[in-house]
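> Handing you a structure now.
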Amino acid sequence: MSSAVPPAAFAEVVIRPRQPVGHYWRELWRYRELFLFLAWRDVKIRYKQTTIGVAWAVLRPLLVMVVFTIVFGRLGKMPSPGGLPYPLLVMAGMLPWQFFATVMGEGSNSLLLNANLVTKMYFPRIIVPASVVVVSLVDLMVSGMLMVGLLGWYRQAPSIQALALPLFLLLGLAASLGASFWLSALTVKYRDFRYVIPFVVQFGLYATPVGFSTASIPERWRPVFALNPMVGVVEGFRWSVLGTGVLDGWVLSASTATTLLLLMTGFRYFRSTERQFADTI
Amino acid sequence: MSALAISVENLGKRYRIGASRERYLALRDVISSGASRALKRLSGHAKDRPEERDFWALRDVSFEVKQGECVGIIGRNGAGKSTLLKILSRITEPSEGEARLRGRVGSLLEVGTGFHPELTGRENVYLNGAILGMSRREIATKFDEIVAFAEIGKFLDTQVKHYSSGMYTRLAFAVAAHLEPEILVVDEVLAVGDAAFQKKCLGKMGEVAKGGRTVIFVSHNMGAVENLCGHAILLAEGRLLSESSEVRRTIEKYFQAASGSDDVATEWKRASDGMVHPAFTPERFRLCDPSGATVAGAVRNDDAVFVCVEGTVGMLDPALKVGYSLYSENGDLLFWTLSTDTPESNWPRPEIGRCDFVSAFPRNLLNEGNYRLELNVSLHYREWVCEPGKNAPAITVAVRGGLSESPYWTSARPGCLAPMIAWSVSRPLGGPPA
């Protein structure tokens, strides 16, 4: 290993003020293993005590499903498209929302939790908020078992639309990455930003068709409603898992557009602030 | 003739110190100050923002490092050493100037960055390796070497939280030591572990340097810098004070600069609200000369100097022990001395009210250097009043000169002590008569 490499072979790195990282994507690729290791570490820690880890991923959506079924289905008498059992409707909305909400909560804190890495090591900072998404994805897989079980209980066979599921997962991934980039960078800059996040999560739960279907929203409000990036994800998820429901072309495209906007602006904001992270964290 | 590995030109790093002295902003403050400014503007009382002060942690620093050179960076705390390392390892960006690095940079600013207590030793080796920039394959091929170097053997699959601190540091250093970048940036990592392991680490560092790699090494351990480095850079208050391949000379300059510095505080006084204790409340802790005046600046090794602890005795407690702990510049504990070290009949007997505990500072014992005295007051085996390393007030004594009158002994010697011990000559018993 110590055999001398001719000096010409060394890549020269120039450090200047406000110098953008050269070859950003190549740099990211070079650090792909660190990304996987960080994600693996967080998954490992979370599921270290297996029973509690799994129970947490399963119990939360299950309880919310029961509550929402009672509040929206029984008391609110909200319609269920295609006459589907209400718990199925709620669960199919709950899973993608929970995924997004977890990413918001943990993504915003991710850089602070890894402050020692940020202040002592060089690596593309974006790895940290991105690896949070992987952990939530594993959570989603675990709680997905619940969905499978529930489908079996109601004897609901998967339809051909289930093939579109990966597409909506991808859309959900894009939305949560965008949110994670924004929130992690903002939390480093404004330390009390994290107090805003529980509120956003609370509010978002009701601004997203989790406990009800988009069909319950009056027609004229739908364009506004569709600006929420998670509306497309949740409705698409429901549509492909349950085989019924409304998947309005307009709602989906508006929601997809805001998702992509969230991802792009999040990425750019992160890139523009990351150079100061080590000084402010 | 050999190629440059690092060239640094006019490098500078500025920090903004706001009026709030906080490093980060609070959304609440941004909103409220924005609102109040808007209100003031409306009412015609436009006023500027609170003064922000610029602080240059590093300024106008230029130097070059050849390939395969081992460079030591020395300077007092706050001289900008860490800032320089952080810029070179691309953790933070400079405010002006530029640095060019030729080769892969591996930085080691802390031992065990990213170690997770819940993971096993094996898992942490892989995780830490990835954080340091090694590939999984690279770690796998060196894995056995790393484990052997760390001497943790059968604890490999135990969670790191169950490790002793020695095992922890050994493992962490072992991973780092097997990093093989072209340029290695190291900050003060040798200040850890027991003596044997420190020696092993130093040996490894020397090996790395001899293996043709470029090493940048920050340390307060002048002995290590002198042994390892062929070039030294002295920083003071963010500026480059001296740069030379005569490492010894640069180290001497460092000591000269340190002796005139203000971090040699020879007196401590109690803040009005701090450290009150019913048995003994320390009021003042200082070094003084035989006339009772506080010593300012450095002392000679043969000066008569006294350590004086003034305090208020609130109640008489036979368990009261007053003394101090002496630390070397590297933070090594040299000794404790307490008022109760002698036979009980000789103990000082304080009375209620103001009392001074005085002891002569040992002469002809310490080498040149800066030493820290921490107040050590407790009620024997019951309670700490001032615990060294925890809450104890500290003062510093700088020992300069006066080591010996001997014509053969003109400068500081190796070692942290420089005792003067008399020698005599005698003939072996039963030897031939004179």
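The values are calculated or read from the model by the stated rules, or taken from the named source; none is laboratory data. Not measured: the values here are computed from a predicted model. Because the Cβ atoms are built from the backbone with ideal geometry, glycine has one as well, and the counts that use them run over all protein chains shown. Areas reflect the complete protein model, heavy atoms only, side chains present, ligands, DNA and RNA absent. Shrake-Rupley method; radii C 1.70, N 1.55, O 1.52, S 1.80 Å.
> Could you look through region B:213-225, keep only residues that are farther than 13 Å from B:VAL65 by Cα and either open to solvent by less than 10 Å² (accessible area, probe 1.4 Å) or in a loop (DSSP other than H, G, I, E, B) (or both), and pick out the one that is modelled with the highest pLDDT? Show your work before the answer.
Going residue by residue through region B:213-225, those that are farther than 13 Å from B:VAL65 by Cα are B:218-225.
Right, trim to either open to solvent by less than 10 Å² (accessible area, probe 1.4 Å) or in a loop (DSSP other than H, G, I, E, B) (or both) and you get B:218-221, B:224-225.
Numbers: B:VAL218: 88, B:SER219: 80, B:HIS220: 74, B:ASN221: 72, B:ALA224: 77, B:VAL225: 82.
If we take residues in region B:213-225 being farther than 13 Å from B:VAL65 by Cα and either open to solvent by less than 10 Å² (accessible area, probe 1.4 Å) or in a loop (DSSP other than H, G, I, E, B) (or both), then B:VAL218 is modelled with the highest pLDDT.
> If you go through region A:178-194 one residue at a time, do you hit one that is surrounded by 15 or more Cβ atoms within 10 Å (Cβ to Cβ), among the aliphatic types (A, V, I, L, M), away from every other protein chain (no Cβ under 14 Å) and more than 29 Å from A:ARG275 (Cα to Cα)?
No, there is no match, as no residue in region A:178-194 is surrounded by 15 or more Cβ atoms within 10 Å (Cβ to Cβ), among the aliphatic types (A, V, I, L, M), away from every other protein chain (no Cβ under 14 Å) and more than 29 Å from A:ARG275 (Cα to Cα).
> Taking the conditions exactly as written (modelled with pLDDT of 90 or more and surrounded by fewer than 22 Cβ atoms within 10 Å (Cβ to Cβ)), does A:ALA257 satisfy them or not? First the steps, then the outcome.
Details: modelled with pLDDT of 90 or more: yes; surrounded by fewer than 22 Cβ atoms within 10 Å (Cβ to Cβ): yes.
Judged against the criteria, A:ALA257 is a match.
> Moving to a separate point now. Taking the criterion of being among the basic types (Lys, Arg), within 20 Å of B:ALA279 (Cα to Cα) and in a loop (DSSP other than H, G, I, E, B), would at least one residue in region B:369-382 satisfy it? Please lay out each step first, then the result.
So in region B:369-382, the residues among the basic types (Lys, Arg) come out as B:372, B:382.
The next check asks that each one be within 20 Å of B:ALA279 (Cα to Cα); those that pass are B:382.
Filter again for in a loop (DSSP other than H, G, I, E, B), leaving B:382.
Yes, region B:369-382 contains a residue that is among the basic types (Lys, Arg), within 20 Å of B:ALA279 (Cα to Cα) and in a loop (DSSP other than H, G, I, E, B).
> Is it the case that B:SER82 is in contact (Cβ under 8 Å) with a residue 60 or more places away in the chain, polar (S, T, N, Q) and within 11 Å of another protein chain (Cβ to nearest Cβ)?
So B:SER82 fits the description; yes.
> Still on this model: Among the candidates B:GLU329, B:GLU351, single out the residue that is open to solvent by 60 Å² or more (accessible area, probe 1.4 Å) and touching a His at 6+ places or on another chain (Cβ under 9 Å).
Working: B:GLU351 fails: touching a His at 6+ places or on another chain (Cβ under 9 Å).
Result: B:GLU329 is the single residue among B:GLU329, B:GLU351 that is open to solvent by 60 Å² or more (accessible area, probe 1.4 Å) and touching a His at 6+ places or on another chain (Cβ under 9 Å).
> Which numbered condition in (1) closer than 30 Å to A:ILE126 by Cα; (2) crowded, with 20+ Cβ neighbours inside 10 Å is the only one that B:LYS161 fails?
It fails just one condition, (2).
> A further question on this structure: Kindly list the number of the only condition in (1) in contact (Cβ under 8 Å) with a residue 40 or more places away in the chain; (2) over 19 Å from B:ARG286 (Cβ atoms); (3) out of contact with any Lys or Arg (no Cβ under 8 Å at 6 or more places or on another chain) that fails for B:ALA319.
(3)
> Among residues belonging to region A:47-80 that are assigned to a helix (DSSP H, G or I), more than 16 Å from A:LEU137 (Cα to Cα) and within 14 Å of another protein chain (Cβ to nearest Cβ), point out the one that is least open to solvent (accessible area, probe 1.4 Å).
Among them, the one singled out is A:THR50.
> Moving on to the next point. Please go through region B:121-151 and pick out each residue that is free of Cβ contacts under 8 Å to residues at least 40 places away in the same chain and not in a helix (DSSP H, G or I).
Across region B:121-151, the qualifying residues are B:SER135, B:GLU151.
> Name, by its number, the condition in (1) assigned to a strand (DSSP E or B); (2) more than 23 Å from B:PHE280 (Cβ to Cβ); (3) charged (D, E, K, R) that does not hold for B:GLU329.
(1)
> Exactly one condition in (1) modelled with pLDDT of 85 or more; (2) part of a helix (DSSP H, G or I); (3) of a type outside the set (D, E, K, R) is not met by B:PHE285; state its number.
For B:PHE285, the exception is condition (2).
> Continuing with this model, one more query. In region B:127-149, which residue that is more than 7 Å from chain A (Cβ to nearest Cβ) and either within 26 Å of B:THR92 (Cα to Cα) or polar (S, T, N, Q) (or both) is most open to solvent (accessible area, probe 1.4 Å)?
We begin by selecting, within region B:127-149, every residue more than 7 Å from chain A (Cβ to nearest Cβ); these are B:128-129, B:132-134, B:137-149.
Applying the additional criterion that residues be either within 26 Å of B:THR92 (Cα to Cα) or polar (S, T, N, Q) (or both) yields B:128-129, B:132-134, B:141.
Numbers: B:ASN128: 5, B:GLY129: 0, B:LEU132: 22, B:GLY133: 22, B:MET134: 7, B:THR141: 105 Å².
For region B:127-149, the residue satisfying everything is B:THR141.
> Considering each of B:GLU96, B:GLU118 in turn, give the residue that is within 14 Å of chain A (Cβ to nearest Cβ), in contact (Cβ under 8 Å) with a residue 12 or more places away in the chain, acidic (Asp, Glu) and in contact with a Gly (Cβ under 6 Å, 6 or more places away or on another chain). Spell out how you get there, then give the answer.
Values: B:GLU118 fails: in contact with a Gly (Cβ under 6 Å, 6 or more places away or on another chain).
Only one candidate qualifies: B:GLU96.
> Given the options A:TRP239, A:TRP221, name the one that is farther than 25 Å from A:MET147 by Cα, away from every other protein chain (no Cβ under 14 Å) and open to solvent by 40 Å² or more (accessible area, probe 1.4 Å). Lay out the reasoning, then the answer.
Details: A:TRP239 fails: farther than 25 Å from A:MET147 by Cα.
The unique qualifying residue is A:TRP221.
> Residue under question is A:LEU38, and the condition is that it be in contact (Cβ under 8 Å) with a residue 60 or more places away in the chain and touching a Leu at 6+ places or on another chain (Cβ under 9 Å); does it hold? Full working, then the answer.
Values: in contact (Cβ under 8 Å) with a residue 60 or more places away in the chain: yes; touching a Leu at 6+ places or on another chain (Cβ under 9 Å): yes.
When the stated conditions are applied, A:LEU38 passes them.
> With the checklist (1) open to solvent by 50 Å² or more (accessible area, probe 1.4 Å); (2) at pLDDT below 90 in hand, flag the one item A:GLU106 doesn't pass.
For A:GLU106, the exception is condition (2).
> Suppose the filter is within 14 Å of chain B (Cβ to nearest Cβ), open to solvent by less than 10 Å² (accessible area, probe 1.4 Å) and either within 26 Å of B:ALA26 (Cα to Cα) or part of a helix (DSSP H, G or I) (or both); does A:PHE277 pass it?
On the way: within 14 Å of chain B (Cβ to nearest Cβ): yes; open to solvent by less than 10 Å² (accessible area, probe 1.4 Å): yes; either within 26 Å of B:ALA26 (Cα to Cα) or part of a helix (DSSP H, G or I) (or both): yes.
Against the criterion (within 14 Å of chain B (Cβ to nearest Cβ), open to solvent by less than 10 Å² (accessible area, probe 1.4 Å) and either within 26 Å of B:ALA26 (Cα to Cα) or part of a helix (DSSP H, G or I) (or both)), A:PHE277 qualifies.
> Within region A:141-246, which helices (runs of 4 or more DSSP H) (wholly inside it) include 1 or more residues that are in contact (Cβ under 8 Å) with a residue 40 or more places away in the chain? Before you say what the answer is, go through the steps one by one.
Working: elements: A:165-189, A:197-207, A:222-225, A:229-242.
Here the list reads A:165-189, A:197-207, A:229-242.
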